[in-house]
Amino acid sequence: DAGVIQSPRHEVTEMGQEVTLRCKPISGHDYLFWYRQTMMRGLELLIYFNNNVPIDDSGMPEDRFSAKMPNASFSTLKIQPSEPRDSAVYFCASSPSGVAGRRTGELFFGEGSRLTVL
Amino acid sequence: EDKVVQSPLSLVVHEGDTVTLNCSYEVTNFRSLLWYKQEKKAPTFLFMLTSSGIEKKSGRLSSILDKKELFSILNITATQTGDSAIYLCAVVNSGYALNFGKGTSLLVTP
């Protein structure tokens, strides 16, 4: 399996621009998570989906952030307009339901998208 | 609000030393605790613990969970420079989301 695939790997943009990060989860995984990592705050959960439905978006910083999962093999995280404080590494991760619907809890991470907003 | 606190935040040791990394947590409806290792890129899975007192081992790494005192430790014996990384602790609640601590940055010097 190719693993979780994220794009772009690096993005440098100017304040005010729209940023779209993309993620393809591992086939057959029905949970998808978006995390943000910074030195100050560590890994923060932004939002997660189960079977393409958003379950908890309480970690999304503000209305400038939105996430979608139109089908089981694709998700996007959009920031509009972007600000310098959004600079971080954004990770997408997926997870299977596990045996008999019980999740093991292990996440499979993509390589991350490093965003720099100038 | 769920909370995961790791200590120390950073650590420098010499090759061959043994290190103990700590993780304490407060979480409603605890399901499991996981340890991850993060080098330059994405975190990679080390252990998952669900029951108290059962030690998980993988080579020189081992971990144990205390659900009564709400903490876990990760031990690394005979450290090597390749063990240098950020070690992340995360807890899973009934909502299936992982809540991560800020990590312990370990540097093993030759």
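Checking each residue in region B:68-99 for being modelled with pLDDT under 95 and of a type in the set (D, E, K, R) picks out B:Lys68, B:Glu69.
Filter region B:49-67 down to residues that are at pLDDT 90 or above and within 12 Å of the chain's Cα centre (by Cα), then give me how many there are. So that I can check it myself, show each step before the final result.
From region B:49-67, those at pLDDT 90 or above are B:49, B:59-66; that's our starting set.
Subsequent filtering for residues that are within 12 Å of the chain's Cα centre (by Cα) retains B:49, B:61-65.
Total meeting the criteria: 6.
Pairing residues of region B:41-55 that are in a loop (DSSP other than H, G, I, E, B) with residues that are open to solvent by less than 60 Å² (accessible area, probe 1.4 Å) and polar (S, T, N, Q), at Cβ distances under 8 Å and at least 6 apart in sequence or on separate chains, gives B:Thr50/B:Ser32; B:Glu55/B:Ser62; B:Glu55/B:Ser63.
Residue pairs whose Cβ atoms lie under 7 Å apart, sitting 6 or more positions apart in sequence or on different chains, and linking a residue in region B:18-35 that is away from every other protein chain (no Cβ under 11 Å) and crowded, with 19+ Cβ neighbours inside 10 Å to a partner that is among the basic types (Lys, Arg) and assigned to a strand (DSSP E or B), are B:Tyr25/B:Lys3. Among the residues of region B:84-96, those that are open to solvent by 10 Å² or more (accessible area, probe 1.4 Å) and either in a helix (DSSP H, G or I) or within 8 Å of another protein chain (Cβ to nearest Cβ) (or both) comprise B:Gly95, B:Tyr96. For A:Asp56, the criteria (1) of a type in the set (Asp, Glu); (2) open to solvent by 60 Å² or more (accessible area, probe 1.4 Å); (3) within 11 Å of chain B (Cβ to nearest Cβ) hold in every case but one, which is (2). For region B:56-110, the set of residues classified as of a type in the set (Lys, Arg) and free of Cβ contacts under 8 Å to residues at least 24 places away in the same chain consists of B:Lys56, B:Lys57, B:Arg60, B:Lys68, listed by residue number.
Return a yes/no flag: does region A:8-20 have any residue that is open to solvent by less than 60 Å² (accessible area, probe 1.4 Å) and under 27 Å from B:Thr104 (Cβ atoms). Even if it seems obvious, please write down each step before you answer.
In the first step, residues of region A:8-20 are kept if they are open to solvent by less than 60 Å² (accessible area, probe 1.4 Å); the result is A:8, A:11, A:13, A:16, A:19-20.
Within this subset, residues satisfying the condition of being under 27 Å from B:Thr104 (Cβ atoms) are none.
Among the residues of region A:8-20, not one is open to solvent by less than 60 Å² (accessible area, probe 1.4 Å) and under 27 Å from B:Thr104 (Cβ atoms), which makes the answer no.
When restricted to residues that are surrounded by 14 or more Cβ atoms within 10 Å (Cβ to Cβ) and either in contact with a Gly (Cβ under 9 Å, 6 or more places away or on another chain) or not in a strand (DSSP E or B) (or both), region A:21-53 contains 18.
Looking for something within 14 Å of chain B (Cβ to nearest Cβ), among the hydroxyl-bearing types (Ser, Thr, Tyr) and touching a residue at least 40 places away in the same chain (Cβ under 8 Å) - is there at least one such residue anywhere in region A:74-88? Checked region A:74-88: no residue is within 14 Å of chain B (Cβ to nearest Cβ), among the hydroxyl-bearing types (Ser, Thr, Tyr) and touching a residue at least 40 places away in the same chain (Cβ under 8 Å). In region A:12-46, the qualifying residues are those that are small (Gly, Ala, Ser) and in contact (Cβ under 8 Å) with a residue 24 or more places away in the chain, and the one that is nearest to A:Ala2 (Cα to Cα) is A:Ser27.
Here is a list: B:Asp2, B:Asp66, B:Asp83. Which entry is under 20 Å from A:Asp56 (Cβ atoms) and among the acidic types (Asp, Glu)? Give the derivation first.
On the way: B:Asp66 fails: under 20 Å from A:Asp56 (Cβ atoms); B:Asp83 fails: under 20 Å from A:Asp56 (Cβ atoms).
From the options B:Asp2, B:Asp66, B:Asp83, the qualifying one is B:Asp2.
The values are calculated or read from the model by the stated rules, or taken from the named source; none is laboratory data. Keep in mind that what you see is a predicted model, and the values were worked out from it rather than measured. Positions of Cβ are backbone-derived with ideal geometry, glycine not excepted, and every protein chain shown enters the neighbour counts. The protein model used for the area step is the full one, side chains on, heavy atoms only, and it has no ligands, DNA or RNA in it. Shrake-Rupley method; radii C 1.70, N 1.55, O 1.52, S 1.80 Å.
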